[in-house]
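Down below is the structure, laid out as structure tokens.
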Amino acid sequence: MSFILSTFLMLWLQSPASTVVVGLEDGQKLVVENPEFSGFIQGLGAQAVLMYRQEKFHGQMPLNTVSRIDFGKYKRGAPFPLLVTLKNGMKLEVQSERRYFVTVRGKTDFGIVTIKHPDPLSAPLRLSTRSANRKNDLTIQYLEFPTS
């Protein structure tokens, strides 16, 4: 009896799995469970943080306060412009900090996926002395963080 009670309490007290809806450039939507982020978003699931800058202010914003992140137009050598919608409805126009990419990895209905933005693997490899123009390699249009 105590085993059943302890199992029930453990399942009841477990935090629900975090999810993110990834809106792709081609119009598809993927629901990713327990996402792992790298790039200008770092961390696991709800504990991840967005590293951003707004004019001369640099900061980190926990993703559990964010409802949606829309990616702006890409410019070579420049940070990504982002439109961040907070859960309270406030909208902030910020830029990605330091890194010029983001990667989302997690479980979907299709299995484990890794989505890179921009995706440097989809572009043909060539030697150049200039930085790569990733304009045609963009994959993510927005990230949406539904409330549990």
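The values are calculated or read from the model by the stated rules, or taken from the named source; none is laboratory data. Just so you know, these numbers come straight off a predicted model, no measurement behind them. Cβ coordinates were reconstructed from backbone atoms using ideal geometry, including for glycine residues, and neighbour counts include every protein chain displayed. SASA here: full protein model, heavy atoms, side chains in, ligands and nucleic acids out. Shrake-Rupley method; radii C 1.70, N 1.55, O 1.52, S 1.80 Å.
A 1.4 Å probe over all protein chains sorts E36, E97 by accessible area into E36, E97, starting with the largest.
For region 24-72, taking the reciprocal of the average inverse distance between every pair of different Cα atoms yields a Kirkwood hydrodynamic radius of 12.2 Å. Neighbours of I112, meaning other residues whose beta-carbon lies under 12 angstrom from its beta-carbon, give a summed charge of -1 when Lys and Arg score +1 and Asp and Glu score -1.
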